[in-house]
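Dropping a structure here in C-alpha cells format, bear with me for questions.
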Amino acid sequence: MGKYNRHFELGLEDLELIETALQQAKKDLSLKRLRILAQEMEDERRNAELDDIQTELSETHELLGRLHNQKVFYRPRKVGTPYVGG
C-alpha cells in the first residue's frame, strides 16, 4: 500500500486558483439548490437532493475556511506608519 505525499509544492498562484475554483463550485451548488427549491417535485426526493447539496456546500465552505485561516495577513510593524485596512 502506498503512502500519502506529505510534501506539496504549490505556489501562491496555485492556491489562488484552487480557492477560486472552490468559490465557483460553492456558487454553482447554491444556484442548484435554488433551482430545486423552485421546482415542483415530491417532498422526499426534494429533501434528499437538498440534503446532498447542503452537505457538499458545508464541506466546500469548511475547506475554504481552512484555506483562509492559513493565510498570513501583513500589517506594518513600524510605529507611526499609517495602516489602511481594506
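So which residues in the range 42-86 are of a type in the set (A, V, I, L, M, F, W, C) and exposed (fewer than 10 other Cβ atoms within 10 Å of the Cβ)? Quick ask: steps written out before the conclusion?
Filtering the range 42-86 down to residues of a type in the set (A, V, I, L, M, F, W, C) leaves 48, 50, 53, 57, 63-64, 67, 72-73, 79, 84.
Hits for the range 42-86 are Val72, Phe73, Val79, Val84.
Please go through the range 12-41 and pick out each residue that is surrounded by 10 or more Cβ atoms within 10 Å (Cβ to Cβ) and among the small types (Gly, Ala, Ser).
Within the range 12-41, Ala21, Ala25, Ser30 qualify.
Would you call Glu9 of a type in the set (D, E, K, R), assigned to a helix (DSSP H, G or I) and exposed (fewer than 10 other Cβ atoms within 10 Å of the Cβ)?
Details: of a type in the set (D, E, K, R): yes; assigned to a helix (DSSP H, G or I): no; exposed (fewer than 10 other Cβ atoms within 10 Å of the Cβ): yes.
In short, no.
Also, I was wondering about something else. Taking the criterion of being under 25 Å from Leu15 (Cβ atoms) and either small (Gly, Ala, Ser) or touching a residue at least 24 places away in the same chain (Cβ under 8 Å) (or both), would at least one residue in the range 39-56 satisfy it? So that I can check it myself, show each step before the final result.
The first filter runs over the range 39-56 and keeps only residues under 25 Å from Leu15 (Cβ atoms), leaving 55-56.
This time we only want the ones that are either small (Gly, Ala, Ser) or touching a residue at least 24 places away in the same chain (Cβ under 8 Å) (or both), so: 56.
Taking every residue of the range 39-56 in turn, at least one turns out to be under 25 Å from Leu15 (Cβ atoms) and either small (Gly, Ala, Ser) or touching a residue at least 24 places away in the same chain (Cβ under 8 Å) (or both).
Residues in the range 34-65 that are more than 16 Å from the chain's Cα centre (by Cα), of a type outside the set (A, V, I, L, M) and in a helix (DSSP H, G or I): how many? Let's see the steps before the verdict.
From the range 34-65, those more than 16 Å from the chain's Cα centre (by Cα) are 34-52; that's our starting set.
Then drop every residue that is not of a type outside the set (A, V, I, L, M), which leaves 35, 39-40, 42-47, 49, 51-52.
Applying the additional criterion that residues be in a helix (DSSP H, G or I) yields 35, 43-47, 49, 51-52.
The qualifying residues number 9.
Each value in this text was obtained by applying a stated rule to the coordinates, not by laboratory testing. Bear in mind the structure is a predicted one, so any value in this text is a computation, not a measurement. Reconstructed Cβ throughout: ideal geometry from the backbone, glycine too, with neighbour counts over all protein chains shown.
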